[in-house]
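Notes for the one structure printed next.
The values are calculated or read from the model by the stated rules, or taken from the named source; none is laboratory data. The model shown is predicted, which means the values in this text are computed figures rather than measured ones. Counting neighbours? That spans all protein chains shown, and the Cβs are built from the backbone with ideal geometry, glycine included.
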Amino acid sequence: MSNIVSPSILSADFGNLANDILMLNDSNADWVHIDVMDGQFVPNISFGMPVIDYIDTLSKKPLDIHLMISKPERYIENFLKYNTKVLTIHLEACRHLHRAIHEIKTKGAMAGVAINPHTDVNHLDEIINDIDIVCLMSVNPGFSGQKFIENSFNKVKKLKKIIQEKKSNCKIQVDGGVNIKNAKKLINNGADVLVAGNFIFKSENPRKNIISLKEI
Ligand code: DX5
Ligand code: ZN
């Protein structure tokens with residue numbers, strides 16, 4: 001099975017968002033990565049429901065929603081009313097993670113847990129069989145266009161080992177600073193899903209860059 005590519009809309013042109021969504025519709029992208037930020041869990045504020053309503057209406061690709069908000073369990077229902085393939089919440093932001101994960105799953109989406117660069121993958125040990133996808137942050141969440149943190153390669157390897165040992169079907173997503181230079185090593189180390197913002201939307205040929213990430 002080939003790897004999954006999820007372009008992060010945070011790097012799109014918000015003055016002309018429809019163009020970028022139509023471009024994705026006509027590309028090899030698998031999902032559309034949607035970064036929601038609350039100015040509390042992360043220092044930045046991105047966008048909320050009215051923008052996602054619009055993306056959801058136009059997009060032919062399912063949404064991969066990454067909540068960088070405190071107490072995300074308050075909004076699970078709101079984010080599952082879309083064509084939501086994945087709903088990801090942060091381990092560091094949610095007190096009753098197990099309960100929230102199961103709420104997402106029973107409502108029909110893949111349940112994702114994201115961890116910040118400082119969080120050891122061992123913290124996922126007890127829930128790895130409950131979740132569908134881990135989002136390993138390879139930058140500190142809050143902004144697009146940041147530099148990839150090299151230690152993420154080791155984290156992918158370490159997490160892959162846990163997944164295999166526990167016989168889990170959980171996928172590994174890597175988010176932040178992903179580009180053609182680090183993608184191959186990430187896939188070789190066990191990543192299944194590549195999120196990319198700047199590498200896709202700030203390039204001359206976004207569709208070509210999507211294919212390049214899919215074909216490595
Ligand atoms: C960071 C976001 C990422 C970001 C990726 O907080 O979660 O999804 O948009 O953008 P790039 O690929 O430019 O680092
Ligand atoms: Zn993200």
Are any of the residues in region 109-121 in contact (Cβ under 8 Å) with a residue 40 or more places away in the chain, surrounded by fewer than 17 Cβ atoms within 10 Å (Cβ to Cβ) and within 14 Å of ligand 1 (Cβ to nearest atom)?
-> no
Tabulated pairs, region 138-165, first on the phi > 0 side of the Ramachandran plot, second within 16 Å of ligand 1 (Cβ to nearest atom) and among the aromatic types (Phe, Trp, Tyr), C-beta under 9 angstrom, 6+ apart or interchain = Gly142/Phe41
Enumerate the pairs (first residue in region 90-105 and under 17 Å from His66 (Cβ atoms); second residue anywhere and among the small types (Gly, Ala, Ser) and part of a helix (DSSP H, G or I)) with beta-carbon separation below 9 Å, excluding pairs fewer than 6 apart on the same chain, so at least 6 apart or on different chains.
-> Cys94/Ala100
Applying the selection to region 3-20, what residues are within 17 Å of the chain's Cα centre (by Cα) and either surrounded by fewer than 21 Cβ atoms within 10 Å (Cβ to Cβ) or over 16 Å from Ile69 (Cβ atoms) (or both)?
-> Asn3, Ile4, Val5, Ser6, Pro7, Ser8, Ile9, Ser11, Ala12
Is there any pair linking a residue in region 186-209 that is on the phi > 0 side of the Ramachandran plot to one that is more than 12 Å from ligand 1 (Cβ to nearest atom), with Cβ under 8 Å and at least six apart or on different chains, and which?
-> Gly190/Val156; Gly190/Lys157; Gly190/Leu159; Gly190/Lys160; Gly190/Ile163; Gly190/Ile172
Candidates Ile127, Ile101, Ile172, Ile163, filtered to the one that is out of contact with any Phe, Trp or Tyr (no Cβ under 9 Å at 6 or more places or on another chain), closer than 20 Å to Val5 by Cβ and of a type in the set (A, V, I, L, M) = Ile172
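Residue by residue through region 135-151, note down the ones that are within 14 Å of ligand 1 (Cβ to nearest atom) and out of contact with any helix residue (DSSP H, G or I) (no Cβ under 6 Å at 6 or more places or on another chain).
Going residue by residue through region 135-151, those that are within 14 Å of ligand 1 (Cβ to nearest atom) are 135-149.
Residues satisfying the conditions are Cys135, Met137, Val139, Asn140, Pro141, Gly142, Phe143, Gln146, Lys147, Ile149.
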Determine if region 135-146 includes at least one residue that is more than 14 Å from ligand 2 (Cβ to nearest atom) and surrounded by fewer than 17 Cβ atoms within 10 Å (Cβ to Cβ).
-> no
Does Thr84 qualify as being over 16 Å from the mean Cα position of the chain (by Cα), more than 13 Å from ligand 1 (Cβ to nearest atom) and either closer than 22 Å to Gly197 by Cβ or hydroxyl-bearing (Ser, Thr, Tyr) (or both)?
-> no
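If only one of Ile128, Ile101 is in contact with a Cys (Cβ under 6 Å, 6 or more places away or on another chain), among the β-branched types (Val, Ile, Thr), more than 18 Å from Val178 (Cα to Cα) and at pLDDT 95 or above, which one is it?
Working: Ile101 fails: in contact with a Cys (Cβ under 6 Å, 6 or more places away or on another chain).
Selected residue: Ile128, the only one of Ile128, Ile101 that is in contact with a Cys (Cβ under 6 Å, 6 or more places away or on another chain), among the β-branched types (Val, Ile, Thr), more than 18 Å from Val178 (Cα to Cα) and at pLDDT 95 or above.
Could you tell me which of the residues Glu77, Glu73 is more than 14 Å from ligand 1 (Cβ to nearest atom) and either buried (at least 17 other Cβ atoms within 10 Å of the Cβ) or not in a helix (DSSP H, G or I) (or both)? Write out each step before concluding.
On the way: Glu77 fails: either buried (at least 17 other Cβ atoms within 10 Å of the Cβ) or not in a helix (DSSP H, G or I) (or both).
None of the others qualify; the one that does is Glu73.
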Hey, can you tell me all the residues within region 152-179 that are within 16 Å of ligand 1 (Cβ to nearest atom) and in a loop (DSSP other than H, G, I, E, B)?
-> Gly176, Gly177, Val178, Asn179
With respect to the numbered conditions (1) in contact with a Pro (Cβ under 8 Å, 6 or more places away or on another chain); (2) assigned to a helix (DSSP H, G or I), which one is the sole condition not fulfilled by Glu103?
-> (1)
Among Pro43, Pro62, which is the only one that is surrounded by fewer than 19 Cβ atoms within 10 Å (Cβ to Cβ) and within 12 Å of ligand 1 (Cβ to nearest atom)?
-> Pro43
